1. From the phi of every residue in the range 244-256, what ³J(HN,Hα) in whole Hz does the Karplus formula 6.51 cos²θ - 1.76 cosθ + 1.60 yield, where θ is phi - 60° and glycine or proline is x?
2. Too long at a 19 Å Cα-Cα cut-off: which of 178/391; 126/178; 126/404; 221/349; 15/375; 237/286?
3. Test of understanding: what is the full-extension gain from residue 68 to residue 203, defined as 0.36 nm times their sequence separation minus their Cα-Cα distance?
4. Once R0 is set to 22 Å, what does the formula 1/(1 + (r/R0)^6) return for the Cβ-Cβ distance between residue 109 and residue 59, expressed as a FRET efficiency to the nearest 0.05?
5. Give the angle, between 0 and 90 degrees and rounded to the nearest 10, that separates the Cα long axis of helix 154-163 from the longest principal axis of the Cα atoms of the chain.
6. Would you mind getting me the FRET efficiency between residue 283 and residue 252? Use the beta-carbon distance for r and R0 = 22 Å, nearest 0.05.
7. Working from Cα positions, state the angle (0 to 90°, nearest 10) between the long axis of helix 386-412 and the longest principal axis of the chain.
8. Taking the Cα centre of the chain as the origin, how large is its charge dipole in debye, to the nearest 20, when only Lys and Arg (+1) and Asp and Glu (-1) carry charge on their Cβ atoms?
Amino acid sequence: MYCGGQGVYVYYLSKYLARLGHDVELIQGPPYTWETPWCREHHLPNFNLFATQKFFYKNVPKGEFFRLFSPYHFYEYVLTRVGFFPEMLTFSMRAYAELARLWRQKPFDVVHDNQTLGFGIVLVQKTFPAPVLTTIHHPLSEDQRADFQQLRGFEHRLRRAAYYPLLMHRLVVPRLEKVVTVSHSAARSVAQAYGIPLPEVSVVYNGVDTELFQPDPGRPKQKNQLIFVGNTEDRKKGIRYLLEAMLYLPKEVRLLVVDGGAPRQIVMGELQRCFNLGDRVRATGKIATGQLVRAYQESEISVSPSLYEGFGFPAAEAMACGLPAVATDGGALPEVVGKNGETALLVPKQDARALARAINLLLQNRELRARLAEKGRQRVVSMFSWESAAKNMTSLYQELIAAKNSRRKFLFA
């Protein structure tokens with residue numbers, strides 16, 4: 001719902017596609033990405049009703065109450081009252097209507113869907129002559145699995161089962177024209193979750209802005225400071241295991257949590273009370289990108305304790321900033337951070353003691369920290385470029401356009 005990584009993806013991919021000379025238009029719903037002056041933006045607002053289930057009227061602007069009874073808003077209102085999350089479906093339908101409006105002004109060569117996975121995308125494929133490519137960062141079944149592993153009680157699990165529109169995804173994804181994902185690990189997960197042959201899932205790695213995320217030798221380090229970046233409301237990010245690991249680390253070790261996710265950190269609050277770490281943990285909430293870069297540069301170690309990642313932007317960003325990284329073997333993290341002991345330290349997921357041992361090893365070994373920091377940045381710079389991502393994506397677009405044109409020629413021959 002508050003999908004930071006997907007926002008980063010849209011922002012940078014559109015930017016580098018525009019740099020290659022492509023004409024890009026962006027249809028998006030809230031939370032909106034940063035401003036993208038290189039492309040035309042089309043905002044499709046909603047009232048964010050799921051986030052305010054008890055006091056929904058707080059999200060309805062003054063004078064717009066009766067808009068709540070328009071079809072999509074009312075549908076969202078009814079379903080969010082009983083714990084469902086309908087925004088993926090309603091956004092896909094709004095996007096379909098907006099695309100139909102734009103198509104009357106000019107046709108598009110390609111439609112690129114960023115994990116909407118709603119029935120509206122199937123309508124787009126059937127209505128418009130342009131090929132449709134869909135990026136799936138990871139299957140939402142991975143999120144549900146992480147929730148079930150950490151939630152206790154039937155009622156809590158039932159609510160999370162209702163939240164995820166997995167049935168719609170299982171119906172939509174096998175009907176998609178072209179699926180691309182961001183790592184080979186994610187490709188295997190997508191193929192398994194939706195019954196797609198693995199060779200039919202293309203992989204285009206994400207990039208990292210290594211001009212922005214870079215070391216600053218002149219910036220002093222905060223001694224014994226670890227940094228975690230991610231949405232703590234997303235249980236698959238593994239913040240629970242990192243906070244537990246803090247119990248096995250020396251008292252002087254501090255953790256900085258940069259949480260750009262949901263406005264209310266309910267999960268984080270519960271965990272802090274559970275582990276009683278006091279002032280050893282500091283959470284910033286959402287911060288500007290420049291502040292995030294400084295937070296990386298001032299920390300000594302980056303920790304990515306995820307149960308699953310389709311890619312893992314924070315790990316790659318931290319390594320680009322010259323931080324030695326500790327990461328789990330969850331999903332694509334080994335693919336991103338590299339081999340254990342060469343460019344990062346890898347530990348088993350859901351193992352707080354293993355996290356603590358790896359962190360302690362780095363804290364006690366300055367030479368190892370320096371070596372991993374240097375090799376880690378070299379890996380990110382050489383492997384994860386947004387320019388390469390945009391070029392590889394363009395190649396896929398061109399293949400789809402050529403294939404669609406050849407089918408048309410065959411049909412009219």
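Values in this text are rule-based calculations from the coordinates and carry no lab data. Just so you know, these numbers come straight off a predicted model, no measurement behind them. With ideal geometry, Cβ positions are generated from the backbone for all residues, glycine too; neighbour counts draw on all protein chains shown.
1. 5, 4, 4, 5, 9, 9, x, 4, 6, 6, 10, 10, 9
2. Working: 178/391 17 Å; 126/178 14 Å; 126/404 13 Å; 221/349 28 Å; 15/375 28 Å; 237/286 16 Å.
Violating the 19 Å limit, Cα to Cα: 221/349; 15/375.
3. Numbers: separation 135, 0.36 × 135 = 48.60 nm, distance 4.03 nm.
Once the chain is fully extended between residue 68 and residue 203, it gains 44.6 nm.
4. Working: r = 37 Å, r/R0 = 1.67.
For R0 = 22 Å, the calculated efficiency reads 0.05.
5. 50
6. Values: r = 19 Å, r/R0 = 0.86.
Taking R0 as 22 Å, the efficiency between residue 283 and residue 252 is 0.70.
7. The helix 386-412 is inclined about 20 degrees to the chain.
8. Values: 52 positive and 38 negative charges, 104 e Å.
Here the chain has a charge dipole of around 500 debye.
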